[in-house]
């Protein structure tokens with residue numbers, strides 16, 4: 001199983017995904033060169049792994065993968081093209097060694113050339129030349145590593161959550177996440193040692209319907225992200241990427257269902273959002 005940045009586990013695979021943008025539009029950099037992993041802080045003595053990317057050619061950008069999608073083709077979209085690369089979207093499926101320290105936060109630093117770094121006409125172009133490497137750009141990202149997926153419960157306390165809608169108005173034709181804050185209860189007085197370890201591993205889904213209970217989206221998976229700002233007791237948000245072009249201008253209802261590691265579920269009340 002492949003885990004997201006928020007919930008990587010020792011001995012399992014984590015998806016270190018990044019999107020490259022140029023002037024606000026997804027774009028491919030000229031060449032990704034390496035990815036360095038640091039523990040706790042990006043300083044030389046905390047470097048734990050370096051992943052080199054293949055030179056430009058048939059094997060590029062291995063071991064990094066391009067994110068692909070399935071697109072309709074042909075008349076009326078009756079045929080499907082499998083594995084179409086999405087411009088600017090890359091991912092590294094990294095197997096977290098059991099020797100990593102956990103729980104802790106790790107940083108993945110991507111080094112890349114945004115454009116051709118050599119003078120035109122130079123042959124060959126050595127991307128590893130110390131002078132050329134001064135043009136390398138770096139981008140820093142985070143992921144969290146936890147010991148394993150075990151949850152030990154004595155069944156003395158029931159874990160409860162509240163959800164707070166953070167996104168209530170959308171404007172066509174935007175595509176942006178619908179976010180809902182996730183808060184353990186009782187707020188500020190919950191059993192931190194019991195609840196905190198399980199929160200990154202919650203599985204959530206969303207169901208969207210019209211005000212007349214016509215279901216438009218049913219049990220689509222949501223992802224867990226980090227809330228902006230200083231939220232120490234409730235830092236997580238549930239996210240669903242909403243494409244407003246698929247909705248008429250109207251007000252809609254949605255409900256979120258989360259599954260806990262012990263197999264029980266918690267459901268939110270009905271929230272609303274508006275597309276105009």
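Taking 7 Å steps out from each Cα toward its Cβ at residue 156 and residue 43 produces label points 4.0 nm apart.
Over all orientations, segment 160-275 has a Cα convex hull whose mean projected area works out to 7.2 square nanometres. Ranked for footprinting exposure by Cβ neighbours inside 10 Å, fewest first, 171, 45 give 45, 171. The spacing between segment 240-276 and segment 154-232, judged by their C-alpha centroids, is 9 Å. Packing-based ranking of 235-246, 136-147 yields 235-246, 136-147, ordered from highest to lowest mean Cβ neighbour count within 10 Å.
Between residue 270 and residue 128, the modelled label-to-label distance comes to 6.2 nm, taking each label 7 Å out from Cα in the direction of the beta carbon.
Entry note, the chain: the mean residue ellipticity at 222 nm calculated from DSSP H runs of n ≥ 4, each adding -39500 (n - 2.57), is 0 deg cm²/dmol after division by the residues and rounding to the nearest 500.
When peptides 34-40, 268-274 are ranked by their average number of other Cβ atoms within 10 Å per residue, the highest-first order is 34-40, 268-274. Dividing the C-alpha radius of gyration of the chain by 2.2 N^0.38 Å, with N its residue count, gives 1.17.
When you restrict to C-alpha pairs under 8 Å that are six or more residues apart and normalise by the size of segment 2-146, the relative contact order lands at 33 percent. Pairwise Cα distances in segment 2-146 exceed 28 Å in 29 percent of cases.
Every read-out reported here was derived from the displayed coordinates using simple, explicitly stated rules and does not represent laboratory data. The shown structure was predicted, so the numbers you read here are calculated from the model rather than taken from an experiment. FYI the Cβ positions are ideal-geometry reconstructions off the backbone, even for glycines, and counts take in every protein chain you see.
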